[in-house]
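The next block holds one structure in the form of structure tokens; read it before the comments.
The values are calculated or read from the model by the stated rules, or taken from the named source; none is laboratory data. From a predicted model like this one, the values you see are computed outputs, not experimental measurements. Counting neighbours? That spans all protein chains shown, and the Cβs are built from the backbone with ideal geometry, glycine included.
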Amino acid sequence: MSADTETIDRFVAQEYKWGFYTDIEADTLPPGLDEDVVRHISAKKNEPEWLLEWRLKAFRLWQTMEEPHWPQVKYDPIDYQAVSYYSAPGAKDKDRPKSLDEVDPKLLETYEKLGVPLHERARLAGVAVDAVFDSVSVGTTHKEELAKHGVIFCSFSEAVQEHPELIKKYLGTVVPYTDNFFATLNSAVFSDGSFVYIPKGVRCPLELSTYFRINAAETGQFERTLIIADEGSHVSYLEGCTAPMRDENQLHAAVVELVALGDAEIKYSTVQNWYPGDEDGNGGIYNFVTKRGICKGARSKICWTQVETGSAITWKYPSVILRGDDSVGEFYSVALANLAQQADTGTKMIHLGKNTRSTVISKGISAGKGQNSYRGLVQMGKNATNARNYTQCDSLLIGSRCGAHTFPYIEVKNPSAQVEHEATTSKIGEDQIFYCNARGIETQDAVNMIVNGFCKEVFRELPMEFAMEAQALMDVSLEGSVG
Amino acid sequence: MLEIKNLKAGVEGRDILKGIDLTINAGEVHAIMGPNGSGKSTLAQVLAGREAFNVAEGSVMYKGQDLLELAPEVRVREGLFLAFQYPVEIPGVNTTYFLRAAVNAVREHHGEAALNAVDFLKLMREKIELLQLDEALLKRSVNEGFSGGEKKRAEILQMALLDPTMAVLDETDSGLDIDALKVVANGVNQLKRADNAQLIITHYQRLLDYIVPDFVHVLYDGRIVKSGGKELAHELEEKGYDWITNGELQTA
Ligand SMILES: Nc1ncnc2c1ncn2[C@@H]1O[C@H](COP(=O)(O)OP(=O)(O)O)[C@@H](O)[C@H]1O
Ligand SMILES: [Mg+2]
């Protein structure tokens, strides 16, 4: 029997629960981008001269670059002059709040509504949160406790003021400002983001988490995150993100850099839930993100876990450069393309050191008119003796109007290196749904059950506190994906 | 309990069931026999509510309700259960999890509290003993990699867990060796009560040595061409389906 009978082919719009807008006074730059805008952002943040110079170099280079069109995604040209590059809550002339007590209650309320309470009374136990609202961080929780362990967790802007030597030493060392069109744009206009430093031998006592919220209309979000794990340290970091429902597309071009020194471990998890747009492809976030980590020292480890349910377009390849001998890179991904969403995502594992190992587990789910592409590069350098990679790339199709594509690239320059690639494509069959129905289970529950089973291997890599949330989010994002 | 009248159904413009009449009362066991392709599974799937089969004519009343109006998940919650001829594999979905979801969906429908994991496990352990199923199977994905016999026994385990009023078993015997057949038959017999009924679909008479039917019907080319008591099964076994089909063609 055909697997695409009407039962699984009737699609309706899903409900996006985070689509509300906070009406708050904001200091927003008018749309447009030129050197003055770059200077203005830098001045707003009271940045040192060298950082302004770095931004300007990036901006000048960006003007000569062309937007990449190799991803398997389609969208109308972006007018970069129609975007506002800076928006901060609060009046122009007001100083930024110095502590959470001074933060506008409206903002606190917003985060509360999003399930991320910041205030001492209600904040999440075991998780320190940096809350970024449009272009700025509104506050960071649990700071004192982290300070006791020497852990630095603050907004990027604050780090520029308080720890300029660390920023100067590491900024752009993993993702140089020349890297690619969107990373170069980010380098010129980045606003806020998070900064983390874990000292030698310290196991960070809390989960660290940044919650990104786009609120203002016609603004782009260009955050920049830098995490440094010094020798023998360990940190688990999670980012979450949402945006109001709007008919226009909004641009999000972030850069994340991770540095793991010898024996250090960084676990970076993302639950990406930007507004996906509607079923006809109106609105939604364009998510063009450059994420890369370097395993600089021997035996270091970087693990990326991502659950990508939102955004109209996702263009994202969290990567690991395995420079230290015996270092380990992992990438676990669930990417959902429902409605008219398009996802082109995957990873790059660049093996430079000896005995380096990497694992890639990618689960792509396509529903509605969604298009999901896995794009992955495994590179074994000439000194990567005995390096190993294992890649497993599974696609699940729901209905018959969606698509799944796989683009694996493999380059091996060392004969002792081994690369293993497995790929499967399956479809939720009408027979599977009927079997569940015949056991009393409703169609939507059956789809959720099958999808969650499909994603299990990735969900269990998430920090405990968020695994359940990811599963619930997946259920909501699939709501209405079947008739 | 179940009253099928002049049921005509087909798929993609093709007529398969060409007017079925069948009444099953509480406390009865009916057997439907017939050659391959006669429409036995189609009847079973129509009763369970598979959308792919279109009902062209006729009616099915179940416990005083119009069965054909009910969604498939509601039919099973109301006690009409189908053990599939070809149980479907659902990779990634843990069997125990699946069974608990099924049991709780039925319980919820009847206003009963959902069973927690511990209570459910207790219930399940009782039932797997009855069917001599290896508990390790229940840790695997639904039907995935199960042998033919394991799949059939797992179907009867589901039947035991859901405790249906009207059970339809579609060729549950096929693919079973004689020992497994006895285990399955024993399980089915233990589930038999005065207030429920069973419809056993089979190609061979063999199963009916262990599950003794009150009535036997012969399905041929979408019609019930002969009905009788349990002797009919033996007669069929001796003379083969040709006996019926030739006879029928002559009188037709
Ligand atoms: N989904 C389907 N599409 C087309 N023909 C079908 C379908 N299902 C069953 N049939 C046909 O209907 C007839 C009866 O099938 P079935 O009910 O499975 O018979 P039985 O169970 O008695 O062997 C067969 O000729 C079969 O090929
Ligand atoms: Mg059959």
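Determine whether region B:148-171 contains at least one residue that is in contact with a strand residue (DSSP E or B) (Cβ under 7 Å, 6 or more places away or on another chain), more than 14 Å from chain A (Cβ to nearest Cβ) and within 16 Å of ligand 2 (Cβ to nearest atom). Yes, there is a match, as at least one residue in region B:148-171 is in contact with a strand residue (DSSP E or B) (Cβ under 7 Å, 6 or more places away or on another chain), more than 14 Å from chain A (Cβ to nearest Cβ) and within 16 Å of ligand 2 (Cβ to nearest atom). Is it the case that region A:40-58 has a residue that's under 22 Å from A:Y317 (Cβ atoms) and touching a residue at least 24 places away in the same chain (Cβ under 8 Å)? Within region A:40-58, one or more residues are under 22 Å from A:Y317 (Cβ atoms) and touching a residue at least 24 places away in the same chain (Cβ under 8 Å). Taken over region B:176-206, residues that are within 16 Å of ligand 2 (Cβ to nearest atom) and surrounded by fewer than 16 Cβ atoms within 10 Å (Cβ to Cβ) amount to 1.
Just to be sure before I move on: is A:Y374 in contact with a Phe, Trp or Tyr (Cβ under 9 Å, 6 or more places away or on another chain), modelled with pLDDT of 90 or more and part of a helix (DSSP H, G or I) in the structure I sent? It is false that A:Y374 is in contact with a Phe, Trp or Tyr (Cβ under 9 Å, 6 or more places away or on another chain), modelled with pLDDT of 90 or more and part of a helix (DSSP H, G or I).
Flag: B:A102 does not match the condition of being within 16 Å of ligand 2 (Cβ to nearest atom), modelled with pLDDT of 95 or more and within 18 Å of B:K152 (Cα to Cα).
Give the number of residues within region A:79-102 that are among the aliphatic types (A, V, I, L, M) and at pLDDT below 75.
Keep residues of region A:79-102 that are among the aliphatic types (A, V, I, L, M), which gives A:82-83, A:88, A:91, A:100.
Then drop every residue that is not at pLDDT below 75, which leaves A:91, A:100.
Residues flagged as among the aliphatic types (A, V, I, L, M) and at pLDDT below 75 within region A:79-102 amount to 2.
Go through region A:41-56 and give me each residue that's surrounded by fewer than 16 Cβ atoms within 10 Å (Cβ to Cβ), of a type outside the set (A, V, I, L, M, F, W, C) and at pLDDT 95 or above. Within region A:41-56, A:P48, A:E49, A:E53 qualify.
For A:A384, the conditions (1) within 13 Å of another protein chain (Cβ to nearest Cβ); (2) at pLDDT 90 or above all hold with the exception of (1). Could you count how many residues in region A:64-87 are over 13 Å from A:T178 (Cβ atoms) and surrounded by fewer than 18 Cβ atoms within 10 Å (Cβ to Cβ)? Selection size over region A:64-87: 15. Being out of contact with any Lys or Arg (no Cβ under 9 Å at 6 or more places or on another chain) and more than 9 Å from chain B (Cβ to nearest Cβ) is the filter here; which residues of region A:444-462 pass it? The answer is A:Q444, A:V447, A:N448, A:F459, A:R460, A:L462.
Answer with yes or no whether A:E109 is more than 29 Å from A:Y80 (Cβ to Cβ) and surrounded by fewer than 18 Cβ atoms within 10 Å (Cβ to Cβ). Before the answer, list the steps.
On the way: more than 29 Å from A:Y80 (Cβ to Cβ): yes; surrounded by fewer than 18 Cβ atoms within 10 Å (Cβ to Cβ): yes.
Answer is yes for this residue.
Among the residues making up region B:183-232, those that are more than 16 Å from ligand 1 (Cβ to nearest atom) and small (G, A, S) are B:A185, B:G187, B:A194, B:A197, B:S227, B:G228, B:G229. A residue that is away from chain B (no Cβ under 14 Å), in contact with a strand residue (DSSP E or B) (Cβ under 6 Å, 6 or more places away or on another chain), more than 26 Å from B:E144 (Cα to Cα) and modelled with pLDDT of 90 or more cannot be found anywhere in region A:463-470.
In region A:196-212, what residues are touching a Lys or Arg at 6+ places or on another chain (Cβ under 9 Å) and crowded, with 24+ Cβ neighbours inside 10 Å?
Of everything in region A:196-212, nothing turns out to be touching a Lys or Arg at 6+ places or on another chain (Cβ under 9 Å) and crowded, with 24+ Cβ neighbours inside 10 Å.
Which of the residues belonging to region A:415-443 are surrounded by fewer than 16 Cβ atoms within 10 Å (Cβ to Cβ) and either touching a residue at least 24 places away in the same chain (Cβ under 8 Å) or within 14 Å of chain B (Cβ to nearest Cβ) (or both)? The answer is A:S416, A:Q418, A:E420, A:H421, A:E422, A:A423, A:T424, A:T425. For region B:25-72, a residue qualifies if it is modelled with pLDDT of 95 or more, surrounded by 14 or more Cβ atoms within 10 Å (Cβ to Cβ), within 14 Å of chain A (Cβ to nearest Cβ) and touching a Gly at 6+ places or on another chain (Cβ under 9 Å), and the qualifying residues are B:T42, B:L67, B:L70, B:P72. Checked against (1) modelled with pLDDT of 85 or more; (2) loosely packed, with under 15 Cβ neighbours inside 10 Å; (3) outside any helix (DSSP H, G or I), A:V12 meets all criteria but (1).
B:T96 - would you say it is within 14 Å of another protein chain (Cβ to nearest Cβ), under 30 Å from B:L207 (Cβ atoms), more than 16 Å from ligand 2 (Cβ to nearest atom) and among the polar types (S, T, N, Q)? For B:T96, the condition - within 14 Å of another protein chain (Cβ to nearest Cβ), under 30 Å from B:L207 (Cβ atoms), more than 16 Å from ligand 2 (Cβ to nearest atom) and among the polar types (S, T, N, Q) - is met. If you go through region B:34-49 and pick out every residue that is of a type in the set (G, A, S) and either near ligand 2 (Cβ under 8 Å from one of its atoms) or over 21 Å from A:F434 (Cα atoms) (or both), you end up with 5. Look at B:K152 and say whether it is within 16 Å of ligand 1 (Cβ to nearest atom) and part of a helix (DSSP H, G or I). When the stated conditions are applied, B:K152 passes them. Just one of the listed residues (B:E12, B:E108) is within 14 Å of chain A (Cβ to nearest Cβ), over 25 Å from B:G175 (Cβ atoms) and within 15 Å of ligand 1 (Cβ to nearest atom), and it is B:E12. Among the numbered conditions (1) at pLDDT below 90; (2) in a strand (DSSP E or B); (3) within 25 Å of A:K44 (Cβ to Cβ), the only one that A:I227 does not meet is (1).
Restricting attention to region B:207-222, the residues that are buried (at least 19 other Cβ atoms within 10 Å of the Cβ), more than 19 Å from B:G175 (Cα to Cα) and not aromatic (F, W, Y) add up to 6.
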